[in-house]
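S.K.: Okay, handing you the structure first.
The values are calculated or read from the model by the stated rules, or taken from the named source; none is laboratory data. Model, not experiment: these values are computed from the prediction. Heads up, the Cβs are rebuilt from the backbone with ideal geometry, glycines too, and the neighbour counts pull from every protein chain shown. For accessibility, only protein heavy atoms count, side chains too; no ligands or nucleic acids. Shrake-Rupley method; radii C 1.70, N 1.55, O 1.52, S 1.80 Å.
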Amino acid sequence: MTAIDKKALIEERVNTGLLGQWYPVAKSVEIRSDKPYGARLMDQKLVLWRRADGSINCIEDFCPHRGAPLSYGEIHEGNIGCRYHGVIVDGEGVVVRVPAMPECALEGRKALKSFHVTEHSDAVFVYVPSLAQPEPPALVMPPELTGDAWTGFLCTSVWECNYRYALDNLADPMHGCYLHSESFTLAYGSKQDLMKLDKTDTGFHVSRVAQLGDNFDWSEFAVHPANMYCFLDIPYPPAAGPGGNMRIVGFCTPIDATTCKVFFWRLRKVEGIARESWRFLYRAQLEANHWHVLEQDRVMLEGMPDDARKREMLYQHDLGVSRIRQILTRAAKEQIESELAQVAAE
Ligand code: FES
Ligand SMILES: [Fe+2]
């Protein structure tokens, strides 16, 4: 293997998505016990459904008989039945029954990959194993989603761009005062600045040098052994009701080379009556504003060519963008090297 081949493999891994990660794939309410849910993750089709105890099965969305999507099928006593010719598969991917053919040899065979699933804060996470981490390390969520102090809403959206664009966008606070300049909350502050980058215990913090709290002025990435997320603040004018800034916690899930799914929790630190009134105000009025802002990001990123990075000319403000790419590339390099070492040892 040449150095060029290895570099291409690393680039490919970054583009497809790192292995050894928990990725959110759906909202909790979307996964039911009476109906399968088809999801896509890193170029793989998955099917998810709930067991009687409320936990979730996730296997490949591929019927062992001839490949029909199991997600088109039905749930029978906790197993999934293929719509095409009725083959029944359990949550481990084992063929339970072939109703059309008595004593068929397929019965009892483990035919499909199954995946670990966990739920947190109204989202369903699937673990994609790596060579170094075949079993899932713990999913680490931010304090805003593990304690009681914050309240909020999860919103998800599918964007027709590689997940790296969504991450780059989060690592780039300077776009707030331009792209979102006509929005309710992001119309303030100076349009000129420098950026700075600080290391944190788990990742990095990128911020504007000359202003803090006027616009989307900083973001921070937390990188854990098996998941990564970003958080940032959107300043709120007093007209937006009680509580301070709105905090956003974001995850970006790679779907395929040109599609991703974003998961954004929109949170405020409000209690008691103020909490209820903010939740009401959010649903009644603010949510539409936020969707509008998020649509501006989506339209911009979808408009960029898939290989924009081959021609881009970064400048000082792209410190965060460079850092997130470096983190992904380093992790991909480690994964590819351990896979190549295993192949060489065989
Ligand atoms: S393809 Fe599923 S039962 Fe035939
Ligand atoms: Fe944005």
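S.K.: How much area per residue is accessible in the stretch 21-128 when the probe is 1.4 Å and only protein heavy atoms are counted (Å²)?
M.R.: 50
S.K.: What percentage of the solvent-accessible surface of the stretch 143-330, computed with a 1.4 Å probe over protein heavy atoms, is contributed by carbon and sulfur atoms?
M.R.: It is 55 percent, rounded to a whole number.
S.K.: Using only the alpha-carbon atoms, how far is helix 272-281 inclined from the longest principal axis of the chain? Give it as 0 to 90 degrees, nearest 10.
M.R.: Orientation of helix 272-281: about 80 degrees from the principal axis.
S.K.: Solvent-accessible area of D217, probe 1.4 Å, all protein chains present, reported in Å² to the nearest ten, please.
M.R.: 0
S.K.: While we're on this one: Peptides 170-182, 66-78: what's the order by average Cβ count within 10 Å, highest mean first?
M.R.: 170-182, 66-78
S.K.: When Lys and Arg each count +1 and Asp and Glu each count -1, what net charge do the other residues less than 11 Å away from V321, Cβ to Cβ, add up to?
M.R.: 0
S.K.: Hey, what angle do you get for helix 3-16 against the long axis of the chain, alpha-carbon based, 0 to 90 degrees rounded to 10?
M.R.: Long axis of 3-16 versus the principal axis of the chain: about 90 degrees.
S.K.: Between A239 and H292, what length in nm is gained on full extension when 0.36 nm per residue of separation is reduced by their alpha carbon distance?
M.R.: 17.3 nm
S.K.: Can you give me the distance in nm between label points at Q342 and R279, each placed 7 Å from the Cα along the Cα-to-Cβ direction?
M.R.: 4.5
S.K.: For a distance above 23 Å, tell me the whole-number percent of Cα pairs in the stretch 1-159 that qualify.
M.R.: Result: 47 percent of Cα pairs exceed 23 Å.
S.K.: Note the full-extension length gain between A100 and Q316 as 0.36 nm times their separation in residues minus their Cα-Cα distance, in nm to one decimal.
M.R.: Gain on stretching A100 to Q316: 71.3 nm.
S.K.: Sticking with this structure for a sec: Give the separation of the Cα centroids, the stretch 276-303 to the stretch 96-121, in Å.
M.R.: Here the two parts' Cα centres lie 41 Å apart.
S.K.: What are the aspartates and glutamates whose alpha-carbon lies under 15 Å from the alpha-carbon of K6, with same-chain residues fewer than 8 places away excluded?
M.R.: E334, E337, E339
S.K.: In nanometres, what is the gap between the two model label sites at T258 and E107, each 7 Å from Cα along Cα-to-Cβ?
M.R.: With each label point 7 Å from Cα toward Cβ, the separation is 4.6 nm.
S.K.: Here is a further query. Nearest 10 degrees, 0 to 90: what angle lies between the long axis of helix 287-303 and the longest principal axis of the chain (Cα atoms)?
M.R.: 80
S.K.: For Cα pairs less than 8 Å apart in space and 6+ apart in sequence, what is the mean separation divided by the residue count of the stretch 21-128, i.e. the relative contact order in percent?
M.R.: Computed value for the stretch 21-128: 27 percent relative contact order.
S.K.: I would also like to ask the following. Do any of K7/K199; K45/K113; K196/K333; K27/K261; K113/K333 go past 18 Å between their Cα atoms, and which?
M.R.: Too far apart for the 18 Å limit: K7/K199; K196/K333; K113/K333.
S.K.: Okay, next question. According to a simple spin-label model (label point 7 Å from Cα along Cα-to-Cβ), what is the distance in nm between E334 and L197?
M.R.: 1.8
S.K.: Return the carbon/sulfur percentage of the accessible area of the stretch 4-50, one whole number, probe 1.4 Å, all protein chains in place.
M.R.: 51
S.K.: What's the Kirkwood radius of the stretch 251-346 in Å, using all Cα pairs?
M.R.: That comes to 17.7 Å for the stretch 251-346.
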